[in-house]
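J.: Below you'll find the structure I mean.
The values are calculated or read from the model by the stated rules, or taken from the named source; none is laboratory data. In this text the structure is predicted, and so the values were computed from the model without any measurement. Every residue, glycine as well, gets a Cβ built from its backbone with ideal geometry; the counts of neighbours run over all protein chains shown. These area figures cover heavy atoms from the full protein model, side chains too; ligands, DNA and RNA do not enter into them. Shrake-Rupley method; radii C 1.70, N 1.55, O 1.52, S 1.80 Å.
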Amino acid sequence: MTPFLFGIKPAVLAVILGALWRLGRTAIKGWRLAVLAGAVAGAVLGGAGEVVSLLAGGVLGMAWLASRRAGPAQGRDDGARGPAAQTSAGVPETKGTDGRGFVVPPVAAATIAPASGSAVAAAAISGVSLWKLGLFFLKVGAVLYGSGYVLVAFLEGGLVQNYHWLTHTQLLDAIAVGQFTPGPVLSTATFIGYLVAGVPGAAVATAGIFLPSFFFVAALNPVIPRLRRSRWMSAFLDAVNAAAVALMLAVLLQLGASTLTTWPAWLIAGLAVVAALRFRVNSAWLVLGGAGLGWALGLLTA
């Protein structure tokens, strides 16, 4: 499986870049939001936490944008077309015609990384608490905002950088395998939970990441139109949309730095980017094409 996974990882970067391009064109509605997104991305790359960066970007952007807008935002609906419209207040984003979203069944664990059973055993030996795992995904489910691909930023910052439960390779493998199947993007938490703590971990992680969305939908859905008519809240939602795109950009750069280390990886990534942006190829086909190229280039360079 190594040559196939080698080719899949650069293709996954193209999938994330395609989602980033589409969402960025909608969410970045002016130079102020572009500056804000750049500042948030720089903060994350500099080591700031994802949650802090997202909230700080929303609050600071609200103050900056609202001070430039005269009167209440009557009839404003531009933010409803941004990332928030797709996963407002943590609502899971499902896979549409563009092939976004992923879900990985536990049986796929054998293809994620060599000796994935050993990875589960190692996690158990290291004493990963189910409470700690559940609270992490509960926090992610409570603050996740924007595209479902923003989830990758939270996973990279929390599970790779802070807790060291996963590696960049395992994270990319999880995304790659997940592109083959439909379903809400947040379902990847089930796979991550299984990889870290087996079946109990899968159940805890799934419950943790999905529960907040039920609460937020029930509590906020009736008041969202009124919030959009408020000049300050409209500015806050626009700023958080831009900050969510910035999180995606930061994690894309981090994953790219660990993946694009050879010319075959660059070649596969370049072809996948052209296919995604120019021809809007479905992400499942991008992953399959990357796997095929990885296998072919592996034969040529062997």
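J.: Touching a Ser or Thr at 6+ places or on another chain (Cβ under 8 Å), within 30 Å of F6 (Cα to Cα), open to solvent by less than 20 Å² (accessible area, probe 1.4 Å) and at pLDDT 90 or above: is that true of A244 in this structure?
T.: Working: touching a Ser or Thr at 6+ places or on another chain (Cβ under 8 Å): yes; within 30 Å of F6 (Cα to Cα): yes; open to solvent by less than 20 Å² (accessible area, probe 1.4 Å): yes; at pLDDT 90 or above: yes.
Considered against the rule, which asks whether it is touching a Ser or Thr at 6+ places or on another chain (Cβ under 8 Å), within 30 Å of F6 (Cα to Cα), open to solvent by less than 20 Å² (accessible area, probe 1.4 Å) and at pLDDT 90 or above, A244 comes out as yes.
J.: Also, I was wondering about something else. Of all residues being of a type in the set (G, A, S) and crowded, with 23+ Cβ neighbours inside 10 Å in the stretch 138-156, which is nearest to L255 (Cα to Cα)? Just the residue, please.
T.: So in the stretch 138-156, the residues of a type in the set (G, A, S) come out as 141-142, 146-148, 153.
Those left that are additionally crowded, with 23+ Cβ neighbours inside 10 Å: 141, 146-148, 153.
Details: G141: 22, G146: 20, S147: 18, G148: 17, A153: 10 Å.
Selected residue: A153.
J.: What pairs come out if I take residues in the stretch 140-162 that are part of a helix (DSSP H, G or I) and pair them with residues that are of a type in the set (D, E, K, R) whose C-beta lies under 6 Å away, six or more apart or interchain?
T.: From residues that are part of a helix (DSSP H, G or I), the pairs are A153/E50; F154/E50; G157/E50.
J.: With A85, A39 as the choices, which residue is open to solvent by 20 Å² or more (accessible area, probe 1.4 Å), farther than 14 Å from A153 by Cβ, modelled with pLDDT of 95 or more and out of contact with any Ser or Thr (no Cβ under 8 Å at 6 or more places or on another chain)? Walk me through it before giving the result.
T.: Working: A85 fails: modelled with pLDDT of 95 or more.
Checking each option against the conditions leaves just A39.
J.: Helices (runs of 4 or more DSSP H) wholly in the stretch 174-268 with at least 2 residues that are among the β-branched types (V, I, T) - which ones?
T.: Numbers: elements: 188-220, 224-229, 231-259.
Hits in the stretch 174-268: 188-220, 231-259.
J.: Another question, if that's okay. Counting only residues that are in a helix (DSSP H, G or I) and not hydrophobic (A, V, I, L, M, F, W, C), which one in the stretch 269-298 is modelled with the lowest pLDDT?
T.: S283
J.: Something else about it: Of all residues being surrounded by fewer than 17 Cβ atoms within 10 Å (Cβ to Cβ) and over 18 Å from the mean Cα position of the chain (by Cα) in the stretch 1-28, which is nearest to P264 (Cα to Cα)? Just the residue, please.
T.: Only one residue fits best here, namely T2.
J.: When you go through (1) open to solvent by 50 Å² or more (accessible area, probe 1.4 Å); (2) modelled with pLDDT under 90; (3) farther than 26 Å from A11 by Cα one by one for L135, which number turns out not to apply?
T.: Going through the list (1) open to solvent by 50 Å² or more (accessible area, probe 1.4 Å); (2) modelled with pLDDT under 90; (3) farther than 26 Å from A11 by Cα, L135 breaks only (2).
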